[in-house]
Amino acid sequence: MSRHPRLAAVATATAALTVLAAGPASAGDPTVTDPRIVAHFDFGAGETPENIALEPDGSADITFAFAHKVVRVTKGGVTTPVATLPDVPGGQTPVGGPVASGIARAHDGTLYVNYVTGTEETGVWRIVPGGEPEQIGFFPANAFPNGLALDEKCGTLYTADTGLGTVWSLPVTGGEPTAWATGTALEPTTEIPFGANGLKVHNGAVWVSNTATASLLRIPIREDRTAGPVETRATGLTFIDDFAFTGHGDTVLAALIMDDKLELVRPDGTHKTVLTAADGLDNPTSVAVRAKTVYVNSAAFFTAQNPDPNLLLARISKNKL
């Protein structure tokens, strides 16, 4: 997820992974067309877009990982600041300094943001409209809360912990999180120390990507709100980061950060590439879908020359879903 020598070296290990061959095109696949970059960001200033939540008007609320800021970008590319998370002197994480990661939005406009610092400031921070960031979730200092989703019906936040291989749950009222789901399927590996990464709540389940195992997972939410057994829904998604569902079904668009690809993953687990570096992707980190628009953040974490962190928009057909 972030520019760091250890992760750059780890990238070479992907050649040893067994990759599921992309399946053949399906008549039911949605199509992704007309990609265009609407905003470029300043890599040198830490403006590396990590995660995304959407406003009702289609604007994108984006976390800048290394600047630990939240900005709002209109569909026309106009960028305005929303909030800056506090500096944490001496904060250290597996990717260097403190980073802002996942973001989720409530219907009243409240934003929830994961902040990874290696200190007691690690956790979930709440930003009410027009207000300052306030820490409400207090995670272990060695946690790496990454993907974040809000189940507003039951007032619960779910977070994927990339380092500890855990899905945490936290009431929106705050406090200490509960380890909601654990197990080998969520954990990092010796070769790739980045496990559970992206997270979404969808169709009665928590869905999680595991970067280390190149897989997309589904964890049913039982009636008593506990976690059911982890199901592997797709494999061969090399260095998968964040993902989003294209609609009410289980078709997914996944960001493959090291391959500069946006991958369409079908409900049967087969997948194909729909956007590449030629379309403007530069280490894509996160995806969102609203109506007929796809949003893709690129952070350019590993681009040696002329890094181009950006926000790309594209059209997605919905008539074939």
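What to note about this one:
Listed here are the residues, each with its yes/no results for (1) surrounded by fewer than 17 Cβ atoms within 10 Å (Cβ to Cβ); (2) free of Cβ contacts under 8 Å to residues at least 40 places away in the same chain.
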{"site": "PRO89", "(1), (2)": "yes, yes"}
{"site": "ALA106", "(1), (2)": "yes, no"}
{"site": "LEU111", "(1), (2)": "no, no"}
{"site": "ASN114", "(1), (2)": "no, no"}
{"site": "VAL124", "(1), (2)": "no, no"}
{"site": "ASN146", "(1), (2)": "no, no"}
{"site": "CYS154", "(1), (2)": "yes, no"}
{"site": "GLU191", "(1), (2)": "yes, no"}
{"site": "PHE194", "(1), (2)": "no, no"}
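- Extreme residue, surrounded by the fewest Cβ atoms within 10 Å (Cβ to Cβ), among residues of region 93-102 that are modelled with pLDDT under 95 and either among the aliphatic types (A, V, I, L, M) or in a strand (DSSP E or B) (or both): GLY96
- None of VAL95, VAL73 is touching a residue at least 40 places away in the same chain (Cβ under 8 Å), aliphatic (A, V, I, L, M) and under 15 Å from ASN297 (Cβ atoms) except VAL73.
- Residues satisfying the stated conditions in region 172-205, i.e. part of a loop (DSSP other than H, G, I, E, B), farther than 18 Å from PRO284 by Cβ and within 14 Å of the chain's Cα centre (by Cα): GLY195
- Screening ASP260, ASP241 for residues that are among the acidic types (Asp, Glu), touching a Ser or Thr at 6+ places or on another chain (Cβ under 7 Å), buried (at least 21 other Cβ atoms within 10 Å of the Cβ) and free of Cβ contacts under 8 Å to residues at least 60 places away in the same chain leaves exactly one candidate, ASP260.
- Residue count, region 269-301 (criterion: in contact with a strand residue (DSSP E or B) (Cβ under 8 Å, 6 or more places away or on another chain), within 16 Å of GLU55 (Cβ to Cβ) and not in a strand (DSSP E or B)): 0
- With respect to the conditions (1) touching a helix residue (DSSP H, G or I) at 6+ places or on another chain (Cβ under 7 Å); (2) over 26 Å from PHE139 (Cα atoms); (3) outside any loop (DSSP other than H, G, I, E, B), VAL208 falls short on a single one, namely (2).
- With respect to (1) crowded, with 24+ Cβ neighbours inside 10 Å; (2) assigned to a strand (DSSP E or B); (3) among the aliphatic types (A, V, I, L, M), the lone exception for LEU150 is condition (1).
For every residue, the table says whether it meets (1) within 23 Å of VAL38 (Cβ to Cβ); (2) assigned to a strand (DSSP E or B); (3) in contact with a strand residue (DSSP E or B) (Cβ under 8 Å, 6 or more places away or on another chain).
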| residue | (1), (2), (3) |
| --- | --- |
| LYS75 | yes, no, yes |
| PRO86 | no, no, no |
| GLY91 | no, no, no |
| ALA104 | yes, yes, yes |
| HIS107 | no, no, no |
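The values are calculated or read from the model by the stated rules, or taken from the named source; none is laboratory data. Note that the structure is a prediction, hence the values are computed from the model and not measured. Positions of Cβ are generated from backbone atoms using ideal geometry, with glycine treated the same way; all protein chains shown enter the neighbour counts.
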